[in-house]
Amino acid sequence: MEQEAENIQNNAKKRVLVAMSGGVDSSVAAALLKEQGYDVVGVTMQVWDYSEDQCDINEGNGTCCSSIDVDDARAVADHLDIPFYVINCEEEFKVNVIDDFVNSYLEGKTPIPCVNCNSFLKFDFLIQKMKELNCDYLATGHYATITTSRTGQASIVTSADDWKDQTYFLFGIQKEIISSLLFPVGTWKKPELRAYAEEKGLPVFNKKDSTGICFVGPSGYAAFVESQVGKDKIRPGQIKLYPSGEVMAEHHGIHNFTYGQRKGLGVSYNEPLYVMKVDGETDTVWLCEENDLYSSELKINNVNLLDEIVDGEVLNTKIRFAHKGADARFEKCEDGFVVKFSQPQRSITPGQAAVFYRDQQLLGGGWIL
């Protein structure tokens, strides 16, 4: 008890800016930090104007960043009796997230908007706000934890809840700021977290989790891309069979396809076919049988390292968020790494990220070419 009281007393000297999305995770993060004695300030980023007819999302229905979510975050802040700010980030979100999302699909890639949102807004833009508000730390509701690595620096490791772990999306963080970050819910499992939220009377304790991409509504990502660029800028092309090159059909835009896709191909064949490649230069979609989806090697660039790795080291590597990870050898090349898996992996997809770990420690990641 004495140690706990001492910790609370020490924490009272520390000011924390908490990124509050209006969901239960970030709300519990704020509640935990206040309970631990920190001087807590809440902030919500307004990244999308739902008052404009820009998308078909039903606000608050499994999304985040809507006006309803802002109201929920404010209600939690009021309940906790902490200061609360709303920061308009629509321009930054458009440039760093929306534009990249749209352009990637038009280039035949499959983007991960959550990575850019974390890298350029939550852990860049909000870091600046943290400093402006004289805060010592920035905290979020991410399922991740922070510890000290074998090289003696602050490092990110996976959370206690394997199912909810979000470290894959955090590889773009600059390592210099990790010591200024707090992930209060990283040691919690979701059922325990919801029970705590209900016990503390948080008004969002039973709010369902946000799912999917926050700015893409039920019409899907392809319709969203078209709404942003106009159908006149969508180029048709051919659907071909690998390896023969036989033309199977015509398509109405490569943004309708992603690697590994089986449904909605618009072709008929005696065996199941899958998207093997989307060629943004020729606007050609290549189909193959399942055996041809597997590859043992990929290349990544724009690599962000959070700790040192050794050339030739074998690391556990995820090629998409839902991927369980597989052992791969990392070999340095001129502008990144060649990653060689011990076992072939299915549908390695340009635009996704290869994120690598040493045991539970997040070491970094790069973009799949």
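Does GLN352 meet the test of being of a type in the set (S, T, N, Q) and out of contact with any Lys or Arg (no Cβ under 7 Å at 6 or more places or on another chain)?
On the way: of a type in the set (S, T, N, Q): yes; out of contact with any Lys or Arg (no Cβ under 7 Å at 6 or more places or on another chain): no.
No; evaluated as a whole, the condition is false for this residue.
Looking at (1) of a type in the set (Lys, Arg); (2) modelled with pLDDT under 95; (3) buried (at least 17 other Cβ atoms within 10 Å of the Cβ), find the lone condition where LYS34 falls short.
(2)
Of all residues being at pLDDT below 95 and under 15 Å from the mean Cα position of the chain (by Cα) in the stretch 138-173, which is surrounded by the most Cβ atoms within 10 Å (Cβ to Cβ)? Just the residue, please.
LYS164
Within the bounds of the stretch 211-223, is there any residue that is of a type in the set (Phe, Trp, Tyr) and either surrounded by 16 or more Cβ atoms within 10 Å (Cβ to Cβ) or within 18 Å of VAL47 (Cβ to Cβ) (or both)?
Taking the stretch 211-223 first, the residues of a type in the set (Phe, Trp, Tyr) are 215, 221.
Still in the list and also either surrounded by 16 or more Cβ atoms within 10 Å (Cβ to Cβ) or within 18 Å of VAL47 (Cβ to Cβ) (or both): 215, 221.
Yes, because at least one residue in the stretch 211-223 is of a type in the set (Phe, Trp, Tyr) and either surrounded by 16 or more Cβ atoms within 10 Å (Cβ to Cβ) or within 18 Å of VAL47 (Cβ to Cβ) (or both).
For the stretch 297-312, state whether one or more residues are more than 30 Å from ILE177 (Cα to Cα) and either touching a residue at least 24 places away in the same chain (Cβ under 8 Å) or not β-branched (Val, Ile, Thr) (or both). Break it down into steps so the answer makes sense when it comes.
Restricting attention to the stretch 297-312, the residues satisfying the condition of being more than 30 Å from ILE177 (Cα to Cα) are 297.
Okay, now just the ones that are also either touching a residue at least 24 places away in the same chain (Cβ under 8 Å) or not β-branched (Val, Ile, Thr) (or both), so 297.
Looking through the stretch 297-312, at least one residue is more than 30 Å from ILE177 (Cα to Cα) and either touching a residue at least 24 places away in the same chain (Cβ under 8 Å) or not β-branched (Val, Ile, Thr) (or both).
Looking at this structure, is PRO272 without any contact (Cβ under 8 Å) to a residue 60 or more places away in the chain, assigned to a loop (DSSP other than H, G, I, E, B), more than 30 Å from PHE120 (Cβ to Cβ) and not basic (Lys, Arg)?
When the stated conditions are applied, PRO272 passes them.
Hey, could you check the stretch 178-201 for residues that are touching a Leu at 6+ places or on another chain (Cβ under 8 Å) and of a type outside the set (Ser, Thr, Tyr) and say which is surrounded by the most Cβ atoms within 10 Å (Cβ to Cβ)?
VAL185
How many residues does the stretch 306-330 hold that are surrounded by fewer than 14 Cβ atoms within 10 Å (Cβ to Cβ) and assigned to a strand (DSSP E or B)?
Applying the first criterion (surrounded by fewer than 14 Cβ atoms within 10 Å (Cβ to Cβ)) to the stretch 306-330 yields 308, 310-312, 322, 324, 327.
Those still in the list that are assigned to a strand (DSSP E or B) too: 327.
Final tally of qualifying residues: 1.
I need a count of the residues in the stretch 274-327 that are touching a Pro at 6+ places or on another chain (Cβ under 7 Å) and farther than 30 Å from GLU250 by Cβ.
Qualifying residue count for the region: 1.
Suppose the filter is out of contact with any Cys (no Cβ under 7 Å at 6 or more places or on another chain), in a helix (DSSP H, G or I), farther than 24 Å from GLY237 by Cβ and not hydrophobic (A, V, I, L, M, F, W, C); does ASN302 pass it?
Details: out of contact with any Cys (no Cβ under 7 Å at 6 or more places or on another chain): yes; in a helix (DSSP H, G or I): no; farther than 24 Å from GLY237 by Cβ: yes; not hydrophobic (A, V, I, L, M, F, W, C): yes.
Judged against the criteria, ASN302 is not a match.
Given the conditions (1) basic (Lys, Arg); (2) in a loop (DSSP other than H, G, I, E, B); (3) at pLDDT below 95, which single one is not true for LYS109?
Condition not satisfied by LYS109: (3).
Across the stretch 244-268, which residue is nearest to LEU293 (Cα to Cα) among those that are surrounded by fewer than 18 Cβ atoms within 10 Å (Cβ to Cβ) and touching a residue at least 12 places away in the same chain (Cβ under 8 Å)? Full working, then the answer.
Taking the stretch 244-268 and keeping what is surrounded by fewer than 18 Cβ atoms within 10 Å (Cβ to Cβ), we get 244-247, 249-250, 252, 260, 262-264, 266-268.
Next, from what is left, pick out any that are touching a residue at least 12 places away in the same chain (Cβ under 8 Å): 249-250, 252, 260, 262, 266-267.
Details: ALA249: 20, GLU250: 22, HIS252: 23, GLY260: 7, ARG262: 11, GLY266: 19, VAL267: 18 Å.
The residue in question is GLY260.
Report, ordered by the first and then the second residue, all pairs with beta carbons closer than 8 Å, sequence separation of six or more or different chains, a first member in the stretch 196-207 that is farther than 13 Å from ALA29 by Cα, and a second member that is in a helix (DSSP H, G or I) and basic (Lys, Arg).
ASN206/ARG194
The values are calculated or read from the model by the stated rules, or taken from the named source; none is laboratory data. Treat the numbers as computed from the prediction; the structure is a model and nothing was measured. Heads up, the Cβs are rebuilt from the backbone with ideal geometry, glycines too, and the neighbour counts pull from every protein chain shown.
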